[in-house]
Amino acid sequence: MTDLRELVAVFKDKVDFLSIYILEAHAEDTWPIGSDVRYNQTYTIEDRAKVARDFISQNSYELPLRIDEAPSNKFNTVFAAWPLRYYMLSPSGELLYIHEPEGPLVLIKTLHRWLQGYFNVL
């Protein structure tokens, strides 16, 4: 399994998937990498909401998406969040697993294996 949409479909009855938009990873005004997508760092909810709406529409993104509170960056502060990471939390909020990129990629198959083991399913 290599596709996030497929993973969500398989585990939709067991997992509430949610995305959190945190700080811009490679903002043009702080750490540009020459990407075709260019935004300055976001410091307000309004700025983040605009970027999040752009992302959703440009990528046909279907998962629920919330915005980290600006300027406090509460989620980022509590979880030391970085882009392309998946955090598995229990219903009570206990951190169960952090799925980090393997090199430059997030391997959905690794997350799939973890979820299979956690839920004891094949």
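Quick note: the coordinates plus some simple rules give every number you see, no bench work behind them. Computed from a prediction, not measured in an experiment: that's the story for all the values here. Backbone-built Cβ (ideal geometry, glycine too); neighbour counts: all protein chains shown.
Pairs 74/109; 12/109; 50/74: which exceed 26 Å Cα-Cα? 74/109, as the Cα separations exceed 26 Å there.
Proximity of backbone amide H atoms, modeled 1.01 Å from N, is registered between residue 67 and 21 at under 5 Å, excluding neighbours fewer than 5 places apart on the same chain. Residues in segment 88-104 carry Karplus couplings, in order, of 9, 10, 6, x, 7, x, 5, 6, 9, 6, 10, 9, 9, x, 10, x, x Hz; the curve used is 6.51 cos²θ - 1.76 cosθ + 1.60 with θ = phi - 60°, and Gly or Pro positions show x.
What the Cβ-Cβ distance of residue 53 and residue 100 gives, at R0 = 41 Å and to the nearest 0.05, is a FRET efficiency of 0.90. Note on residue 26 and residue 5: their simple-model spin labels are 2.4 nm apart, each label 7 Å out from Cα toward Cβ.
Per-residue ellipticity at 222 nm for the chain, helices alone: DSSP H runs ≥ 4 residues times -39500 (n - 2.57), over residue total, nearest 500 deg cm²/dmol? Mind showing how you got there, number by number?
Details: 4 runs with 41 residues, N = 122.
Here the helix-only value at 222 nm equals -10000 deg cm²/dmol.
Between residue 89 and 96, the built amide H atoms are under 5 Å apart, and every one of these is 5 or more places off in sequence or on another chain.
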